[in-house]
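These notes concern the structure reproduced below.
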Amino acid sequence: MSSFDENDAFEAAVPLSQRAMAARSAPYLDELNPAQREAVETLQGPVLMLAGAGTGKTKALTARIAHLMNQGVRPNEILAVTFTNKAAREMKGRVGRHLGEAVEGMPWLGTFHAICVKLLRRHGELVGLKSNFTILDTDDQIRLLKQLIVAANIDDKRWPARALASLIDGWKNRALTPEKVPNADASAFDHKGTELYAAYQERLKTLNAVDFGDLLLHMVTIFQTHGDVLEQYQRWFRYILVDEYQDTNVAQYLWLRLLAQKHQNICCVGDDDQSIYGWRGAEVGNILRFEKDFPGAKVVRLEQNYRSTPHILAAASGVIAGNKGRLGKTLWTDRDDGEKVRLIGHWDGEEEARWIGEEIEALQRGTRGLRSHELDQQAILVRASHQMRAFEDRFLTIGLPYKVIGGPRFYERMEIRDAMAYFRVACSPDDDLAFERIVNTPKRGVGDKALQNIQRAARANETSLLEAARLLVSAGELKGKARGAVGQLIEGFDRWRAAVQNNENHIELAEIILEESGYTEMWQNDKTPEAPGRLENLKELIKALESFENLQGFLEHVALIMDNEADDGGPKVSIMTLHAAKGLEFPVVFLPGWEDGLFPSQRSMDESGLKGVEEERRLAYVGITRAEELCTISFAGNRRIFGQWQSALPSRFIDELPEENVDVLTAPGLYGGGYGAAAPSSGMQERMDRADAYNSPGWKRMQARSQSRQTAQPTETKGLVIDATAVSSHAKGDRVFHQKFGYGTVMGIEGDKLDIEFDKAGAKKVVARFIVDAAKADEIPF
DNA sequence: TCCTCGTATGGTCGG
DNA sequence: CATACGAGGA
C-alpha cells in the first residue's frame, strides 16, 4: 500500500511542521502519503477528509486516532462514530494493532446507534424512559403500528403498517418529534399520520421501549432541552471523528453538530460519490455543506487510489461523471493498466449465473490467461437480494463453495426470535411484546379470546401482560386448557427471573428456559423438513451466549447487531448486495444484472426520479470500485420475476462506461450473436446502443425464444441434455448420497431437480445427475 | 382453538 | 415464486 519513495519526495518538497518533526519517528505517519498525512496531523479545528474509493481512508482515520493518543489525548476523550458494526469492528481492530494492545480503552468508538444506546441508558429518564428500556426491531415496530391502526378503525389493507412505519422513520430521520411534523405532512396516511405517530410514541413510552430511530431522536431532544447534559458531553468528547459522513441523516447531523459546537474539533470522513443510503434518510447535503457549517474547515482530498487498476478506475469515473453537483475528485493510481472492464450479455438470468460460475472456476484454476484467484478473492455483487438465488441454485448444483453475506439474518429467524422473546420476558417481565409473542408458542390453548382477556385486564389494572395473566389465573378467569398452561408458564418465568437475578450461569439458564417452556420439544415433535435446521439454530444461539457475561448483555447486543458470520472452513466465493459491499474490496468482482429497471431499479426511479437515478449511479460507482484487478459487468435479456418471464434492456449505466476501458465479450454458443455480434467492428456505444440492440436479430431471436420457453417443455436447458434415466432412477423416499452434502432422503422430484432433505446440510434442490443411491456411495471413488 | 388450504399480493437497500 | 393472510372445517 505504501511507498517510501513518496514519503521521501514529500519530505523534500514540503517543510515539515515542528509537530510532524517531533512525531517523525512514529511508524503510522511514515506509512502515509502527503494528503493522508495532512488529514492526520491537522488535529485542531474542523476537518473534512474527502476520501475517494480505495484511497486509504480507514488507514488515515486510524492513524489519526493513534496520533491523537500520541499527543496525549486520552482514549475516552475521543468520540469515533461509524455507520455499520463491521466498520466499527474493523476500526477497533486496526487501532488496537496500532497501539499494540487491547482497545478496551476506547469506550466511545461505535455506531451511532450503539453510542446513543449507551447515552440513553444514562439519561433516558429525561424523555420518560427507564434505563432498562427495550429496543424494538422492525418487526416489533410493524406489529405495534398495526395494532394502533386497527385500534383507530382504519382499514389496514388500504393503509398498511409498513407505509406508516416508513413515514414515521422518515420523520425521525429528520429529527421531527410528533409536535414538530410540518403542516405540509398533515395529509399523510389518510390525514391520520401525525396522530398515529403521537399515539405510537405514547405507546412506546408505556412499553418502556424505543425503535431504532428513537435512539437518535431522543438524544437530540435531550441535548436540545438539557443544556447541562449537552455541555457535559461537549467537554467530555474533545475530539470527534465521523466515518461515512455522506450517509448521515438530519438527526445524526444535529447530534454531531450539538456535540462539536463548543470545541469544533470534528473530523468527518466521507465521499459524496458513495452516498447510497438516501432511502433511509441520508442527506448528501450534509457533506456538501460542511464548510458552511464549520467555518474555517480544512478540506483534504485523498485522491491516490491504491486499490484498482487504471481501467477499473476510469470506468468508474466515467459512470459517476454523469452525476451533477458533486464535490469532485480526480482519482489516480500508479498501478499498471491491467485488464479492461469486461462486459457481457446473456440470454437469461440462469445463463448469466452459469457463465459466472464457470468463469469463477476458470479463474480459480488460472486457465483464462489471467492470474489465478482463490475463491475468497472473488465476489458477486448484486443490486437486489433476490438476484442471489440464481447463483445459489447454480453453485449448489456444481458444488462451488459460496457464502452469502448479509443474507437472511440469523436473528430474524422465527425460532431465534421466539427464543429471544423468552429471554426478554425472563429479564424484564413487563416486555409485553415479547410476552405476546410466546404466550401461545408452543401452543398452550391461548387463542385470540384468551389473549384479549389478558390485554383487557392489563389495561384495567395498568399492569404488564404477565401480571395481568397472573391475576386472571389466580382469579380463575381463564378457561380450561389455557388456565393450567398459562399458570405454569408464569411459574416458569418466576423461576427463570429469580435465576437471572441470582446471576446464575446464563448459558445453562437459557437451555433450561427453552427446555422447561416446551419450546425445544415443540420443534423436536415437528415433522416438517425445517425442524432439524431450527433446532440446529437454537444450539447455535446457545453457543453465541458464551461470549457474553449475562443474558441482558446478550439481548442488547442482538438488538443492535444483526449480522451473522458463521464461517467454516475453506475459501468461498462471496455473494452480497452492492450495499453490503461498501467498504470491501476483492481482486475479482462480478456485477450481474445491469438491466434498466433492475439496476437502476425501477422503484428508485419512480419514487425519487433523477435523484433516484443519481443514487443508483453512485451504487454503480461503488460496485466497480470494489474491484482490484478484474471487473466483469453483465446483463441478461430475460429474467423471471414473480414467475413471469420479462425481458429487459441493458442498463443505461452500460452506455456510460468509457469505450476505451471496456472489453465486450461474447458468450459463445448462447444465442448465436446478440449484442456482441450486432456490429462487431463499430464502437461500443453503437454496439451497446439499446435501441439498436432492441431491433437487432439477436434481440428478436431472444424475444421469440422467450415466448416459446414460457409454454414449452424444453428437453434441453442450459446446454445440457437431461438424462432421462437419471430422473427416473430415484423415487420419493430413497436414500441418496451427494458429494458435497452427504447422505439424505428424497422428498420430491421436479423434472431434473430433486428435493432432498440432507442429514447434515438440510433441505436442498439438486440436479439428479449429481446424486447416487446411498447404497452405491461407497463404490464411487470421489 | 387449531390447522389446512386457497387466494391474493408483493420483491431494493439496514441499524 | 414465496409468503402472508383469511376463510372454513376438524
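HN-Hα J couplings of region A:179-195 from phi, Karplus 6.51/-1.76/1.60, θ = phi - 60°, integer Hz, Gly and Pro as x?
Per residue, the Karplus-derived 3J(HN,Hα) values read 5, 8, 4, x, 4, 4, 8, 4, 7, 4, 6, 6, 6, 10, x, 4, 4 Hz.
At 1.4 Å probe size, put A:Phe212, A:Phe423 in order of accessible surface, largest to smallest.
Sorted by accessible area, descending: A:Phe212, A:Phe423.
With every protein chain present, what accessible area does A:Trp645 have (1.4 Å probe, heavy atoms only), rounded to the nearest 10 Å²?
50 Å²
What list of ³J(HN,Hα) values in whole Hz, one per residue of region A:539-549 in order, does the Karplus curve 6.51 cos²θ - 1.76 cosθ + 1.60 (θ = phi - 60°) give from phi, with Gly and Pro shown as x?
With coefficients 6.51, -1.76 and 1.60, one gets 4, 3, 4, 4, 5, 4, 5, 4, 8, 10, 6 Hz.
Using heavy-atom solvent-accessible surface (probe 1.4 Å) with all chains present, what is the largest-first order of A:Leu649, A:Leu216?
Descending order: A:Leu649, A:Leu216.
Under a 1.4 angstrom probe, counting protein chains only, how are A:Thr528, A:Thr367, A:Thr625 ranked by accessible area, largest first?
Ranked from most to least accessible, the order is A:Thr367, A:Thr528, A:Thr625.
Once you list every other residue whose beta carbon is under 11 Å from the beta carbon of A:Gly338, what net charge do they have if Lys and Arg are +1 and Asp and Glu are -1?
-2
Between A:Cys267 and residues 5 or more places away or on another chain, which pairs have amide H atoms under 5 Å apart, with H built 1.01 Å from N, and which residues are they?
A:Val47, A:Ile240, A:Leu241, A:Val242
Per residue of region A:599-611, in order, report the coupling 6.51 cos²θ - 1.76 cosθ + 1.60 (Karplus, θ = phi - 60°) as ³J(HN,Hα) in whole Hz, putting x for Gly and Pro.
Going residue by residue, I get 8, x, 6, 4, 4, 4, 6, 5, 7, 10, x, 4, 4 Hz, with x marking Gly and Pro.
Using only the alpha carbons of region A:428-538, what is the convex hull's orientation-averaged projected area in square nanometres?
7.5 nm²
Tell me which residues come under 5 Å, amide H to amide H, from A:Leu302 once H is placed; ignore anything under 5 positions away on its chain.
The answer is A:Leu50, A:Ala51, A:Gly52.
Given the protein chains as shown and a 1.4 Å probe, how many square angstrom of A:Asp243 are accessible, to the nearest 10?
Rounded to the nearest 10, that gives 10 Å².
Quick one: how many Å² of A:Lys324 are accessible to a 1.4 Å probe, rounded to 10?
Roll a 1.4 Å probe over it and A:Lys324 shows about 150 Å².
Taking Cα pairs under 8 Å and at least six residues apart, what relative contact order does region A:23-163 come out at, in percent?
15 percent
Over 27 Å between Cα atoms, which of A:Lys329/A:Lys611; A:Lys292/A:Lys611; A:Lys86/A:Lys157; A:Lys86/A:Lys172 qualify?
A:Lys86/A:Lys157
Which entries in A:Lys92/A:Lys403; A:Lys118/A:Lys582; A:Lys118/A:Lys205; A:Lys543/A:Lys732; A:Lys340/A:Lys572; A:Lys443/A:Lys539 show an alpha-carbon gap greater than 29 Å?
A:Lys543/A:Lys732
Around A:Ile633, which amide H atoms from residues at least 5 apart in sequence, or from another chain, sit under 5 Å from its own amide H, with H modelled in the peptide plane?
A:Arg342, A:Leu343, A:Ile344, A:Leu591
Could you tell me the relative contact order of region A:359-515? Use alpha-carbon pairs under 8 Å, at least six residues apart, and round to a whole percent.
16 percent
Could you give P(r) for region A:62-152, binned at 5 Å from zero, as whole percent values over all Cα-Cα pairs?
Bins of 5 Å from zero give 3, 12, 17, 16, 14, 12, 9, 7, 4, 3, 2, 1 percent of pairs.
What net charge do the residues around A:Ala458 carry, taking every other residue with its C-beta under 12 Å from that of A:Ala458, with Lys and Arg at +1 and Asp and Glu at -1?
Net charge around A:Ala458: -2.
The values are calculated or read from the model by the stated rules, or taken from the named source; none is laboratory data. On a predicted model such as this, the values are computed, not experimentally measured, just so you know. Cβ atoms come from the backbone with ideal geometry, glycine included; neighbour counts cover every protein chain shown. Calculation scope for accessible area: heavy atoms of the full protein, side chains included, ligands and nucleic acids excluded. Shrake-Rupley method; radii C 1.70, N 1.55, O 1.52, S 1.80 Å.
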